[in-house]
1. Taking the range 53-66 as the search range and keeping residues that are assigned to a helix (DSSP H, G or I) and open to solvent by 70 Å² or more (accessible area, probe 1.4 Å), which one is nearest to ALA5 (Cα to Cα)?
2. Which of (1) assigned to a helix (DSSP H, G or I); (2) at pLDDT below 90 does ASN31 not meet, given it meets every other one?
3. Out of (1) surrounded by 14 or more Cβ atoms within 10 Å (Cβ to Cβ); (2) at pLDDT below 85; (3) of a type in the set (Phe, Trp, Tyr), what's the single condition that is false for TRP1?
4. Any idea which residue in the range 17-52 is nearest to the chain's Cα centre (by Cα), counting only those that are hydroxyl-bearing (Ser, Thr, Tyr) and open to solvent by 70 Å² or more (accessible area, probe 1.4 Å)?
5. With respect to the numbered conditions (1) buried (at least 16 other Cβ atoms within 10 Å of the Cβ); (2) at pLDDT below 90, which one is the sole condition not fulfilled by PHE10?
6. Starting from the range 3-15, keep only residues that are under 19 Å from ILE61 (Cβ atoms) and in contact (Cβ under 8 Å) with a residue 24 or more places away in the chain, then list their pairs with residues that are in a helix (DSSP H, G or I) and open to solvent by 70 Å² or more (accessible area, probe 1.4 Å) whose Cβ atoms are within a distance under 8 Å, requiring at least 6 positions of separation or different chains.
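The values are calculated or read from the model by the stated rules, or taken from the named source; none is laboratory data. Because the structure is predicted, anything quoted here is derived from the model rather than measured. Neighbour counts are summed over all protein chains in view; Cβ atoms, including those assigned to glycine, are modelled from backbone coordinates with ideal geometry. SASA here: full protein model, heavy atoms, side chains in, ligands and nucleic acids out. Shrake-Rupley method; radii C 1.70, N 1.55, O 1.52, S 1.80 Å.
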Amino acid sequence: WGNFAWSWLFTGAIWALLHFPNFYNQNPDINATMTSILGIYPIGLLWGYISYRSGSILPSILIHGTHLWGLHNF
């Protein structure tokens, strides 16, 4: 779109919405699902920023992998 900010916000929203099925399967309440999506949106923005600054998507993939294994709790 010629503007990093709009692209960053849009792809962050798409990333968060891709998690909709997972959240909805855990709790089939639409309000709880949307709250969970809003809760992970800033994480998507952070990982998008890391990808932008590094020039590669690999750091975000690695961070996402460690997040799935619970290493973010250490």
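1. Per the criteria, the residue is ARG53.
2. The one condition ASN31 does not meet is (2).
3. Checking TRP1 against (1) surrounded by 14 or more Cβ atoms within 10 Å (Cβ to Cβ); (2) at pLDDT below 85; (3) of a type in the set (Phe, Trp, Tyr), the one that fails is (1).
4. The residue in question is TYR49.
5. So PHE10 meets the others, but not (1).
6. TRP8/TYR49; TRP8/TYR52
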